[in-house]
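Encoded as structure tokens, the structure appears first; notes follow it.
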Amino acid sequence: MARLLLIEDDPAIRATLLRALRERGHAVAASPAAMEGLQTALAEKPDLIVLDLGLPDLDGRELLRMLRAVSRVPVIIATARDEETEMVRLLDAGADDYVVKPFTAAQLDARIRAVLRRGTSAEESPTITVGNLRIDPGARTVNLDGNAVELTPREFDLLHHLALRPGQVVTKRELLSEVWQVPYGSTDKTVDVHLSWLRRKLGETAQQPRYLHTVRGVGVKLSEPSS
Ligand code: CA
């Protein structure tokens, strides 16, 4: 038995799958919309999410992107679109598997079991090293020059997100949407404030950066100190 979250706006499909998956012994929660689904996912921490692509408030692909910024929960995409390139893109974007509509509950259940089996034997997310900065996403710990750095969960998520693409500028808008889950972020000071806290903990300043480099008007990047 697994704890599942079904994000699907079609009431008939939702009801059918809810009943069928519960009959197969799973505990199933359901959301009819993307943002509500995201909130439920973060609050309930399900074992696996079944995600419909065509949702009323946000495209399922966008939701997958936001989810992947904060969680490694397995995701199976349920879609009416079966173009191969689309599926490859979704798998690249972090989906674990997909089913093409119409599918039966038995087919979906088989995929769910396969993905969960894979998950239990999957390796932990690897430690990221940038210069003397080591970020362990599994343990959520950060080490700088051999010393542990105490970060808040948000500071960790911010640093981790930047560390996924070292040397590349990430826009503040992207950070707002992926770390804070603000889908249409206003240009507020949230990112700047957290960046300045993070800098202090890493022992650097905006004027004398080592790892965190602001690119004015564009965003910020994490890179190895040049010295
Ligand atoms: Ca739909």
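With a 1.4 Å probe and all protein chains left in place, how much of the accessible area of the range 125-222 comes from carbon and sulfur atoms, in whole percent? Before the final figure, lay out the partial values.
Values: 2670 of 5260 Å².
Answer for the range 125-222: carbon and sulfur cover 51 percent of the accessible area.
Applying Stokes-Einstein at 20 °C and 1.002 mPa s to the Kirkwood radius of the chain, computed over alpha-carbon pairs, gives a translational diffusion coefficient of 112 µm² s⁻¹.
On average, how much accessible surface per residue is there in the chain, in Å², for a 1.4 Å probe, leaving out ligands, DNA and RNA?
So the chain comes to 53 Å² accessible per residue, rounded to a whole number.
If you plug the beta carbon distance of S71 and R165 into 1/(1 + (r/R0)^6) with R0 = 25 Å, you get a FRET efficiency near 0.85.
Ignoring ligands, DNA and RNA, what percent of the accessible area of the range 1-118 is carbon or sulfur (1.4 Å)?
Working: 2940 of 5710 Å².
That fraction is 51 percent.
Across the protein chains, with a 1.4 Å probe defining accessible surface, the residues V142, V215 rank V215, V142 from largest area downward. Kirkwood radius, the range 125-222, all distinct C-alpha pairs, inverse of mean reciprocal distance: 13.6 Å.
Between T85 and E44, what FRET efficiency follows from the Cβ-Cβ distance if R0 is 22 Å, with the result rounded to 0.05?
0.10
Its DSSP H runs of at least 4 residues, each contributing -39,500 (n - 2.57), put the calculated 222 nm mean residue ellipticity of the chain at -12500 deg cm²/dmol, to the nearest 500.
Value of Rg to Rh for the range 1-61, rounded to two decimals, is 0.95; Kirkwood radius and Rg both from alpha-carbon coordinates. For the range 3-123, with equal point scatterers placed on the C-alpha atoms only and solvent neglected, what are the log10 I(q)/I(0) values from the Debye formula at q = 0.17, 0.19, 0.21 1/Å, to two decimals? After summing over all Cα pairs, the log10 values are -0.79, -1.01, -1.29.
The values are calculated or read from the model by the stated rules, or taken from the named source; none is laboratory data. Only a predicted model underlies this, so the values are computations on that prediction, with no experimental measurement involved. All Cβ positions, glycine included, derive from the backbone under ideal geometry; neighbour counts span all protein chains shown. We work out accessible area using only protein heavy atoms, side chains counted, and drop any ligands, DNA or RNA first. Shrake-Rupley method; radii C 1.70, N 1.55, O 1.52, S 1.80 Å.
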